[in-house]
Amino acid sequence: MSKKSKAPERVVYNPSSSITVNGQLKSSAKSTQNGANATYNMNPYEQAAYEYANKAFFENLPNINIFSDDTQKALSEQVKAYLNQGINTINSTYTPILRNMQNDIARRFGNTDNSIFMDNLRDIESKRADAISDLAQSTTVKRDELINNELSNRYDYLSFLNNYQNQVYANMLSTLGLSTDLLNTNNNHLNGTNTAQTSSNKSPLGDVVKLTSQILGIFK
C-alpha cells in the first residue's frame, strides 16, 4: 500500500505597514492571528496642541453664557466710557451755544430777562434734551452690542477648538485607514490572496502608488 505524500503546510505571513512623514513615523499597522492593529503617532507639539484644545474646550464650555465679575466690570467700564464721551460731546456742543446766545442777548438788550432769550433758551434746551435721549438709547444699544460681541467671541473660540479637534481626529482616521489599506495590500501580495480585488486584476504596486498619493494629500 503506497503512502500518500503530505501536502506542504502553507506559510502564512503576518505583514506590517507604516507611514513616515519627514522622517517621523506617523502610523503603523500589523497583522496578527487575532486581526490587525493600527497605531497613530503624534509628535510632542501635535499632542500638546490637541490636549490643550481638549482642556480649553472642557473648561470654557460650562461658563459659555456666564459673565464673571471681572467681565461684567470690564463691560460696564466700556459702557460708562461711551456714555461719558457722549455727554462730553453734548456739553461741548450746547454749552458754547448757550453762552454765546446769553452774551448776544445781554449785549443787545442789556439783560437776559426778556422773551427772546427765553424762547431761544427753550429751543436750545429742547434740542439738548433730544440729544440726551438719543444718547441714552444709543448707550443701551452699545451695551447690548458689547454683550453680543463677547458671546460671539466665546462661541467662535469654542467653535475653533472643536473644529481643530475634529480635523486632527479626521487626519488620524485617514492615516490609520491608509495604514490598514497598505497592510491589506502587503497581505494580499505576501500570502497570494486578493479577496478585495476578485473582479479585477490590479497590481499591488498600483495600490501602493495610489495610497502614497493619498498620504501626501493629508500632510500637505
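The values are calculated or read from the model by the stated rules, or taken from the named source; none is laboratory data. None of these values were measured; they are calculated from a predicted model. Ideal geometry is used to build each Cβ from the backbone, glycine not excepted, and the neighbour counts take in all protein chains shown. Accessible surface areas use protein heavy atoms only, side chains included; no ligands, DNA or RNA. Shrake-Rupley method; radii C 1.70, N 1.55, O 1.52, S 1.80 Å.
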3J(HN,Hα) from dihedral phi, region 76-89, Karplus parametrisation 6.51/-1.76/1.60, rounded to Hz, x for glycine, proline: 4, 5, 5, 5, 4, 5, 5, 5, 4, 5, x, 5, 4, 5
In Å², nearest 10: area of F160 left accessible to a 1.4 Å probe: 120
What FRET efficiency would be calculated for the residue pair T95, R143, taking the C-beta separation as r and a Förster radius of 30 Å, to the nearest 0.05? 0.70
Would you check the accessible area of T89, probe 1.4 Å, heavy atoms only, in square angstrom rounded to 10? 80
Quick one: what do you get for region 21-140 if you divide its Cα Rg by 2.2 N^0.38 Å? 2.52
Pairwise FRET efficiency - A81 versus K55, Cβ, R0 = 35 Å, nearest 0.05: 0.55
Taking a probe of 1.4 angstrom, what is the accessible area of Y50 in Å², to the nearest 10? 50
Which far-off residues, 5 or more places away or on another chain, put their amide H under 5 Å from the one on L25, with H placed in the peptide plane? none
For the peptides 148-156, 170-178, what is the packing order when you average, over each peptide's residues, the other Cβ atoms within 10 Å and list the highest mean first? 170-178, 148-156
Could you name the aspartates and glutamates in cross-link range of K73, using Cα to Cα under 20 Å and dropping any fewer than eight places away on the same chain? D144, E145, E150
Mind checking which aspartates and glutamates have their Cα closer than 16 Å to the Cα of K127? Skip sequence neighbours fewer than 8 apart in that chain. D119
